[in-house]
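The values are calculated or read from the model by the stated rules, or taken from the named source; none is laboratory data. These numbers were taken from a predicted model, which means no experiment stands behind them. Heads up, the Cβs are rebuilt from the backbone with ideal geometry, glycines too, and the neighbour counts pull from every protein chain shown. Accessible surface areas use protein heavy atoms only, side chains included; no ligands, DNA or RNA. Shrake-Rupley method; radii C 1.70, N 1.55, O 1.52, S 1.80 Å.
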Amino acid sequence: MKKAFWAICIITSILIGCNETNSNHGAIDTSHAEAIADSVRDSEQLRKWLHHYDSLGDEKSELLIRQKYGKVMRDKSEFEAAIRQHDTCIAMATKQKDTLQLIIALNNQGTNFRRLGDLQEASNNHYAALKLCDKTTHDTSYVARKNRVRTYNGLGNVLLSLDNDSVAESLFRRALAGETELNSATGQAINLANIGAIKEGRGELDSARVYYNMSMEKNKETNNPIGISLCYQNLGQLEFSAGNMTGAMENYRKGFEIGKKTSDMWHWLKPCEAMADIFLEENKIDSARKYINMSLEAALKIKAKSRLAKAYTQNARLQEKTGQHAKALESIKKAQAYKDSIASEKSQTHIQNLRVKYEVDKRKEEVSRAKTETEFEKTLRKTIMWASITVLILIVIVVLSQLRIIKERKKTLAMLKKVNKERQEFYRGITHQLRTPLTVVNGMTGQLRKFIPADNEVAQREFEAVERKSNELVNLVNEMILYNKGIVKEIEVSEVGNGVRSEELGVRSEEISLRSEGVKELSLGVQTLASESSNSSTRQLVNLRSTQLVN
């Protein structure tokens, strides 16, 4: 099965490698590396993938695999190898300016040092991670939120190792709330167990049992063997405290058997140590020696100070029970030395100073941020005020301009009405003045017909011209009268219509001018006819009418 998986991964990586470019020449898809980091737990396979991505120059994918590789080495209790890997991860993440991966690397390194018992270095890394979390509050991605809760958990474990229960519980509860929001059953299980341990330390055994059982449910939900093993060990500790050795041993054995199947020696040592304690209480020397030797051998292998302190303490009790007092004293000294190195006054002072410095720096950043926000708000208020004043001035200018335009329009409209009225009066006067003489001329043409000889073609032609022109002038005057009436009754003077009416008036004026030419022709024709007429009285009348028409 492993060979098949390995073959599939190699083929996939070759196909992807054909399409990928070097990390220095653009963005690289890291989804393949993420899938490997999520699924592969074998250290040898991970090491081969590291070489593969290193050969491609894909530093982002290499960083993801290296993070997981270091974590696997830590779970195998190979802490020196884990520290080397996570040191490299910190350097790579810093170079790539990848804040999220840098936080993960710092938390991993903090956990490495905590399990080794170096609480100073553990707290250094976790507080560095927490500061970066504070600077990435805008990032609401799953990885960013997970980083924060892991940082809380790491710091809580450091403070719990120093018996600072109140602050540790506060951090664990923050982490629990975050893991619940992220719907991470494993994360919830870890923090529930930590809170249970604090309750147990305070003697609140019923509350501790509730939290341990809740942690067990979450671990079983995700089938987490290490978590289940630790829960059995914790429940066994409660039975041991209650004096139920049988129940305690039963839980310890379950935790021991499950933990032994995993490669996590650091966690597996806890039920091993617990069973050794019971055998010491029951004076079962051989059984106690068996588990104490296993504990001491494993603790020396992984170089974990807390586990070494516990193993030498149990070994001292065993040696004392067997009468080896000199060796017991030597073991006690070794145990005390490891305990002092873990929770020395210097370490406690250092961690306390780190915590105080973090809080002070955080307050300074908050004050600085508040000051910046205040300055920004002041600038924004000033900008809004001046913008409002400018807009108000523009509105006043626009309103005044509109009022002036309205005033000018009213003035223009009044002038147009006046011009229109004068035009109407002009039309009315001129049409009436033209109509009276034209009616007389038209009537005279009818009387002149009988005086024109029938055989005089020239006279007949001239008479027809006079008659035609006379009729045209009469029709023109009638049209002007009707047009004048139409304006008065139907058309209102307006800014739009005024230009059109003015053009019409101009056209009509040209028509009047042309028709006036016709009147002159008519006058000449009438005079000609009058000169040819033999009747003197008629000649005089025609001359009189012609003179009036021309005038």
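So which of Lys310/Lys333; Lys135/Lys305; Lys261/Lys334; Lys131/Lys339; Lys146/Lys303; Lys76/Lys261 end up more than 23 Å apart by C-alpha?
Numbers: Lys310/Lys333 12 Å; Lys135/Lys305 34 Å; Lys261/Lys334 30 Å; Lys131/Lys339 29 Å; Lys146/Lys303 29 Å; Lys76/Lys261 12 Å.
Those over the limit are Lys135/Lys305; Lys261/Lys334; Lys131/Lys339; Lys146/Lys303.
Ignoring ligands, DNA and RNA, how do Glu425, Glu239 rank by accessible area with a 1.4 Å probe, largest first? All intermediate terms of the calculation are to be shown ahead of the outcome.
On the way: Glu425 95, Glu239 40 Å².
Result of the area sort, largest leading: Glu425, Glu239.
Would you mind classifying region 133-227 by shape? Square roots of the alpha carbon gyration tensor eigenvalues, ordered a ≥ b ≥ c; an a/c under 1.5 is rounded, otherwise it is prolate if a/b is larger than b/c and oblate if not.
On the way: a/c = 2.48, a/b = 1.30, b/c = 1.90.
Because a/c hits 1.5 or more and a/b fails to exceed b/c, region 133-227 counts as oblate.
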Practice task
Determine how large the accessible area of Thr94 is when every protein chain is in place; take a 1.4 Å probe and give Å² rounded to the nearest 10.
Solution key: 80 Å²
Exercise for the section: Order the peptides 308-314, 276-282 from the highest to the lowest mean number of other Cβ atoms within 10 Å of their residues. Expected result: 308-314, 276-282
Handout entry: Dipole magnitude of region 191-342 about its Cα centre (Cβ charges: Lys, Arg +1; Asp, Glu -1), debye to nearest 20
Key = 540 debye
Exercise for the section: Taking the Cα centre of region 112-198 as origin, work out the dipole magnitude from +1 charges on Lys and Arg Cβ and -1 charges on Asp and Glu Cβ, in debye rounded to 20. Expected result: 240 debye
Practice task
Quick one: check the C-alpha center-to-center distance for region 293-308 versus region 63-102, whole angstrom.
Solution key: 24 Å
Exercise for the section: Could you tell me which of rounded, prolate or oblate describes region 186-252, using a ≥ b ≥ c as the square roots of the eigenvalues of the alpha-carbon gyration tensor, with rounded for a/c under 1.5 and, failing that, prolate when a/b is larger than b/c and oblate otherwise? Expected result: oblate
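Give the residue list of trypsin sites (Lys or Arg not before Pro) in region 190-227 that are DSSP loop and have at most 13 other beta-carbon atoms within 10 angstrom.
Numbers: sites: Lys199, Arg202, Arg209, Lys218, Lys220; in loops: Arg202.
Filter output for region 190-227: Arg202.
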Fill in the blank from the handout: Of 108-119, 394-405, ordering from highest average Cβ density within 10 Å down gives 108-119, 394-405
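Compute the accessible area per residue over region 191-316, keeping the other protein chains in place, probe 1.4 Å, unit Å². Could the numbers behind the result be given before it?
Numbers: 5450 Å² over 126 residues.
I get 43 Å² per residue for region 191-316.
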Practice task
Could you order Glu181, Glu472 so the one with the most accessible surface comes first? Probe is 1.4 Å.
Solution key: Glu181, Glu472
Problem - Cα-centre dipole for region 172-261 with unit charges at Cβ (Lys and Arg positive, Asp and Glu negative), debye to 20 - result: 180 debye
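At 0.36 nm per residue, and after removing the present C-alpha to C-alpha distance, how many nm does the segment from Asn456 to Val143 gain when stretched out fully? The partial results should precede the final answer.
Numbers: separation 313, 0.36 × 313 = 112.68 nm, distance 12.18 nm.
Going from the current span to full extension adds 100.5 nm.
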Practice task
Measure out, as a whole number of angstrom, how far apart the alpha-carbon centroids of region 192-207 and region 236-250 sit.
Solution key: 15 Å
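For Tyr53, Tyr232, write out the residues from largest to smallest accessible area, computed with a 1.4 angstrom probe and no ligands counted.
Tyr232, Tyr53
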